[in-house]
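The values are calculated or read from the model by the stated rules, or taken from the named source; none is laboratory data. Since the model is a prediction, treat every value here as computed from it, not as a measurement. Please note: Cβ atoms are built from the backbone with ideal geometry, for glycine as well, and neighbour counts cover all protein chains shown.
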Amino acid sequence: MLFPLPSLPSVPHRVVVTGIGIVTPLGIGGAVNAEGFRAGRRAFRPVTLFDVSRQRTRIAAEVDLSSTLPPTLLTDRRTGRLERGARMLLVAAHEAWTQAGWTAADGPVAQVLGTTSGGMKLGQDFYRQAVAPPASDRGQGRRVVHYQAQRQALDLADAFGVHGPVTIIANACASGANAIGHAAGLVRSGRARRVFAGGYDALSQLVFAGFDSLQALSPTSCRPFAADRDGLALGEGAAMLCLETLGSARDRGAEILGEILGYGTATDVHHLTQPQPQGDAALTAMRAACVEARVEPEDIGYVNAHGTGTPANDVAEAHAITRWAGARACTLPVSSTKAGIGHLLGAAGAVEVAVCLMALRGQWLPPQTGGGAPDPACGFPLVREAREARFSHALTNSFGFGGANASLVLRRGT
Amino acid sequence: MSRIFIHGTGAVSPAGWGVAAMRDALAAGVPVPTVALERPCRAVPLSVRRVPAPEARPAFMAHPRLRRTSPITHFAVAAAIEALGEDAARVAARAMRLGIVFCAFGGCVGYSRRFYSEVLHEPATASPLVFPETVFNAPASHLAAYFGTTAVNYTVIGDQGEMVKALALAADWLLADRVDCCLVVGSEEADWLTGDALRLFGGGALLAEGAGAVCLRREPSAVELAAVTEPELFLAGRGRGPAARRMGEALGGVGDPGDLLVDGLAGGKADTAEAAAWEGWNGQRVSPRRILGEGLAASSAWQVVAAADAIRRGAARRAVVSVVGSNEQAIGAELRAG
């Protein structure tokens, strides 16, 4: 039964990460991404996936996705039907699953996924055919089914032969962080022993045009927290984590890649798309994550900011981080990895957790290259150059349309 | 205390605005009339069940956040206001932490279709006012703004079973003391695009629109949430039939004569698995989809509301909600007199 709940552990389980899979415009897999984020590479280029000739902005960060997917239990026919976002999700999931050494025989695996768009390209294709004479249903049934995010979740379950409850959170650009935070809660409370959690989103014409219509896309280059920033850049990707109890990981002799210590959320009701200027909800989310993690700002060695590069987001987040960190702010390294790969929307939070875990593991700070003088609201130093660091905890922020705010505190694996 | 209770219900359906209108329609047992919905490139319109226009402009529409919203939000807000009742004032006064779980299958289709149409026509002039309303969590954001709550707020997507699963999520938040009360809302709007899609995978069901909402709290009330089953996924080799059967078994199978089954049968060929799962049912039975139509997340919300309403009014001591979704899961819930 999902409810009533089984008796909960008297002491919450520690939630550890034993598998990480990542697909970003910097490349496929942990190694190439760690190298890219560590060096502060940028992956922007002209959009090729759809027509942007009449858009105000024509740049994004696309993933070079191979036509060959890793082997899973899906048939070739079924694999061939996967939409671009689902393909990135499957690649990331395969890497995480393999690294964790999980098997289907070990029992249920709950899934918690974050996405904003699911299989949006198929939805667009469905619409275009529906309004184009002559009327035809050819291919429409497949499009409408595979457009839906639950189809992508079931494909993932079948790909690895697992079963367990599926939760798909669509909290806009906080979805990926919400998914990992929620998944960690399931493990911590004993409701699930293993959870496959992450986020995914592919670039799509509708969403690109949407951000362009809002004039939220940078016509120059994405420069988070720069005083002269002028917008965000979109990207695409996926990240998946294998979460389990510390006891489960130790029993298996699994390598522990990191730990999810705390998760905080808050809802900003200021405006549908604009944050409250002082970042009140962001501050609440960060504080809540730290309370659950039982850490203070002084314990945090790096903040991966939401940092989209829009004027409104970055000033609000800068205020929030500065207020939250207090005296620690002036020495607290902060960067936005969106400077290199753009905003991955529903995947962003999950990818940024993966980046933090890689940075904690490798003891380096992800720089954000490019950009001029920081906004005066930044009461903290931005990480501008690749450098090593000794730190044990990181905090990552994700904020979305609708006022969805989520923060996560992560600890280095032991 | 690990018990969870339903304190309020709300509904907007093709039968009208409010739980009473829905209750009357279900009691009458006569399907709500359909209306024609034109669609491009097709001579034959779709038949859908729409929410009738309200007798007067709802007062909530004066809220600044709701001016540009689409029907999915209007329905959700109306149902949520009814479900939350007098607790709304406590939430506004910050004396009660209100969580929100918003469930969607189709989501904000009307504005999404309109915006994409504008993009295809001329992206340079596509409306920046419309795009934000296309996002799945826009209705949940408007609910939070309307009630003035900054507590945890999720939009969850999936098939019709999501609404039932969301009851367990809300219970989780309540028992973890993250919130003092939690609204679980399912809402959908009818659009030709959704109707055309449902025609291809809905097994003959007719599209409907509306919303249902329940307000959950830890304090006792007349209706207790007794159980939510594990979702039985439609995985490879584990299709709808076995999933529906396992869900039925988890809820006790045949029931007693005084029990009420609020099933998800819609009158189409997609009903087979669920009908078989409950063929031995001994108690009362009502099928909201047969009367109100296939409202996707709203339909399963109506089922939950109908079950809670029956218990609250003394028509049953125990009610079972059964949902065998379109393409994800079979899941059920049990409600009891508190």
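Among the numbered conditions (1) touching a Phe, Trp or Tyr at 6+ places or on another chain (Cβ under 7 Å); (2) under 28 Å from residue B:182 (Cα atoms), tell me where residue B:115 comes up short.
(2)
Could you tell me how many of the residues in region B:124-167 are assigned to a loop (DSSP other than H, G, I, E, B), farther than 23 Å from residue B:326 by Cβ and either more than 7 Å from every other protein chain (Cβ to nearest Cβ) or touching a Leu at 6+ places or on another chain (Cβ under 8 Å) (or both)?
The number of residues fulfilling the criteria is 5.
Output yes when any residue across region A:54-62 is charged (D, E, K, R) and in contact with a strand residue (DSSP E or B) (Cβ under 6 Å, 6 or more places away or on another chain), and no when none is.
Taking every residue of region A:54-62 in turn, at least one turns out to be charged (D, E, K, R) and in contact with a strand residue (DSSP E or B) (Cβ under 6 Å, 6 or more places away or on another chain).
Please count how many residues of region B:58-69 are modelled with pLDDT of 95 or more, over 21 Å from the mean Cα position of the chain (by Cα) and either assigned to a loop (DSSP other than H, G, I, E, B) or surrounded by 16 or more Cβ atoms within 10 Å (Cβ to Cβ) (or both).
Total satisfying the criteria: 2.
Pick from region A:113-150 the residues that are within 21 Å of residue B:132 (Cα to Cα), small (Gly, Ala, Ser) and in contact with a helix residue (DSSP H, G or I) (Cβ under 7 Å, 6 or more places away or on another chain): which of them is farthest from the other protein chains (Cβ to nearest Cβ)?
Among residues in region A:113-150 that are within 21 Å of residue B:132 (Cα to Cα), small (Gly, Ala, Ser) and in contact with a helix residue (DSSP H, G or I) (Cβ under 7 Å, 6 or more places away or on another chain), the one farthest from the other protein chains (Cβ to nearest Cβ) is A:119.
Evaluate the following for residue A:117: is it buried (at least 23 other Cβ atoms within 10 Å of the Cβ), touching an Asp or Glu at 6+ places or on another chain (Cβ under 6 Å), touching a residue at least 60 places away in the same chain (Cβ under 8 Å) and not hydrophobic (A, V, I, L, M, F, W, C)?
yes
So that you can scan it fast, the table gives a plain yes or no per residue for (1) away from every other protein chain (no Cβ under 14 Å); (2) within 15 Å of the chain's Cα centre (by Cα); (3) free of Cβ contacts under 8 Å to residues at least 60 places away in the same chain:
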residue	(1), (2), (3)
A:252	yes, no, no
A:274	no, no, yes
A:283	no, no, yes
A:292	no, no, no
A:304	yes, yes, no
A:318	yes, no, no
A:325	yes, no, yes
A:332	yes, no, yes
A:351	yes, yes, no
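Could you give me the residue pairs with C-beta distances under 7 Å whose first residue belongs to region A:148-168 and is farther than 29 Å from residue B:109 by Cα, whose second residue is aliphatic (A, V, I, L, M) and part of a helix (DSSP H, G or I) wherever it lies, and which are 6+ apart or on separate chains?
A:159/A:90; A:160/A:104; A:161/A:104; A:162/A:104; A:163/A:157
Would you point out which residue out of A:41, A:87 is modelled with pLDDT of 95 or more, touching a helix residue (DSSP H, G or I) at 6+ places or on another chain (Cβ under 9 Å) and in a loop (DSSP other than H, G, I, E, B)?
A:41
If you take the residues in region A:151-197 that are among the charged types (D, E, K, R) and away from every other protein chain (no Cβ under 12 Å), which one is farthest from residue A:351 (Cα to Cα)?
Among those residues, the one meeting the criterion is A:193.
Table: residues versus (1) over 25 Å from residue B:154 (Cβ atoms); (2) in contact with a helix residue (DSSP H, G or I) (Cβ under 7 Å, 6 or more places away or on another chain).
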position: A:350; (1), (2): no, yes
position: A:356; (1), (2): no, no
position: A:361; (1), (2): yes, no
position: A:368; (1), (2): yes, yes
position: A:377; (1), (2): yes, yes
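Looking at B:145, B:140, can you tell me which residue is within 27 Å of residue A:122 (Cα to Cα), of a type in the set (A, V, I, L, M, F, W, C) and in contact with a strand residue (DSSP E or B) (Cβ under 9 Å, 6 or more places away or on another chain)?
B:140
Out of (1) in contact with a Cys (Cβ under 9 Å, 6 or more places away or on another chain); (2) over 19 Å from residue A:22 (Cα atoms), what's the single condition that is false for residue A:383?
Here residue A:383 clears every test but (1).
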